[in-house]
Amino acid sequence: MTGDAPLFLPDRLRPKTPGRRSHRGLVLLSVVPFMLIAVPLWRVEHVRVDGCPKLPPSAVASLQELVGQPAIGLDVGAIKERVQMWPGVGEVRVDFVLPGTLLVRAETAPTLGSVRVGRSWHGVGADGGLTGRLQILVEPVLEGFAAEGDRQRGLDAARRIHDAAGVPVAKVQRITPSDYLVEFIAAEGEAAVVVHVCPQGSAAERSWCAAFARGTIAQPWADLRWTDRIVIGGGV
């Protein structure tokens, strides 16, 4: 048997011989230089915004100012910030689609709670930002939380209690910067349970929630802000 490839082998299985070049490689080598030359010539010809109905028309119109900008110099981070600043807007993605379309996809931020602003109720997103006016309240209701960071910490406290105790939280009230009142109803027809927690949680909170989830806690009030004790009783 010689080292020559059998004639009955299909072309794709034959070993490549010296001097034989892939057509794909030739095409790629011819396209890449053209693309490198064309990049500086690409400009934004159209701006398309998809996905978020809460983005006001004025915000969409402001993005049209990007028409005519060179694609290679677009500040994607600045475009995202311009869109994300509006209430109700969540994740934003910016893509440049050849030959000249700037595509901005803006998702609606999920509403995880409610807060009163003036005479109306607004939704609160995971980052504490407002997601727009509400017709129906979304629990937990936040009280006494003015700043975004505080509202985020209030939602974090509600999520901790929900996950550890296994109950949906109805209200979180900021009494002081280190004292959050959390209220929930364990079962339909039962009285509300009120616990006081600190923003960052505590050993007492974790122990109490574990006992509540097991059904071994009967008191409707507890102060769980401490590391070395749980205060239970009638409350104030």
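The values are calculated or read from the model by the stated rules, or taken from the named source; none is laboratory data. The structure displayed is predicted, hence computed values, not measured ones. Backbone-built Cβ (ideal geometry, glycine too); neighbour counts: all protein chains shown. Please note that ligands, DNA and RNA were not included when accessible areas were found on the heavy atoms of the full protein model with its side chains. Shrake-Rupley method; radii C 1.70, N 1.55, O 1.52, S 1.80 Å.
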| field | Stretch gain in nm, segment VAL67-ASP156, where the contour uses 0.36 nm per residue and the Cα spacing is subtracted | value | 27.9 nm
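Express in nm, to one decimal, how much length is gained between TRP226 and ASP75 on full extension, taking 0.36 nm for each residue of separation and deducting their alpha carbon distance.
On the way: separation 151, 0.36 × 151 = 54.36 nm, distance 4.77 nm.
Taking 0.36 nm per residue and subtracting the Cα distance, the gain is 49.6 nm.
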| Using 7 Å Cα-to-Cβ label points, what is the ASP163/ALA211 separation (nm, one decimal)? | 2.3 nm
| said: Pairwise over distinct Cα atoms, reciprocal of the mean inverse distance: report the Kirkwood radius of the stretch 181-236 in Å, one decimal place. | reply: 11.4 Å
| message | Between GLN219 and ARG105, what is 0.36 nm times their sequence separation minus the Cα-Cα distance? Round to one decimal in nm. | response | 36.1 nm
| task | Provide the FRET efficiency to the nearest 0.05 for the ALA191-MET85 pair, computing r from the beta carbons and using R0 = 45 Å. | result | 0.55
| query | Can you list the residues, at least 5 places off or on another chain, whose amide H is less than 5 Å from the amide H of ALA170, using H built in the peptide plane? | reply | GLU183, PHE184, ILE185
| Roughly how big is the stretch 86-236's charge dipole about its Cα centre, with Cβ charges of +1 (Lys, Arg) and -1 (Asp, Glu), in debye to the nearest 20? | 140 debye
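Just reorder ASP50, ASP150, ASP75 by solvent-accessible area, largest first, 1.4 Å probe, all chains present. Present the calculation step by step, with values, prior to reporting the outcome.
Numbers: ASP50 55, ASP150 30, ASP75 95 Å².
Largest accessible area first, the residues go ASP75, ASP50, ASP150.
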| task | Under 17 Å from a label point 7 Å along Cα→Cβ of ASP127: give me every residue in the stretch 133-165 with its amide N that close. | result | 147-156
| query | Magnitude of the Cβ-charge dipole of the stretch 69-125, K/R +1 and D/E -1, about the Cα centre, nearest 20 debye? | reply | 280 debye
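Could you list the trypsin sites (Lys or Arg not before Pro) in the stretch 111-216 that lie in coil according to DSSP, counting only those with at most 10 other Cβ atoms within 10 Å of their Cβ? Before the final figure, lay out the partial values.
On the way: sites: ARG116, ARG119, ARG133, ARG151, ARG153, ARG159, ARG160, LYS171, ARG174, ARG206, ARG214; in loops: ARG119.
Taking the stretch 111-216 and a limit of 10 other Cβ atoms within 10 Å, the loop trypsin sites (Lys or Arg not before Pro) found are ARG119.
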| field | Amide H contacts under 5 Å for GLY88, placed H, 5+ residues apart | value | THR131, GLY132
| query | Taking the mean number of other Cβ atoms within 10 Å as a proxy for protection, how do you rank 60-69, 100-109 from highest to lowest? | reply | 100-109, 60-69
| query | Near ARG105, within a Cβ-to-Cβ distance under 10 Å, what is the net charge of the other residues, with Lys and Arg +1 and Asp and Glu -1? | reply | -2
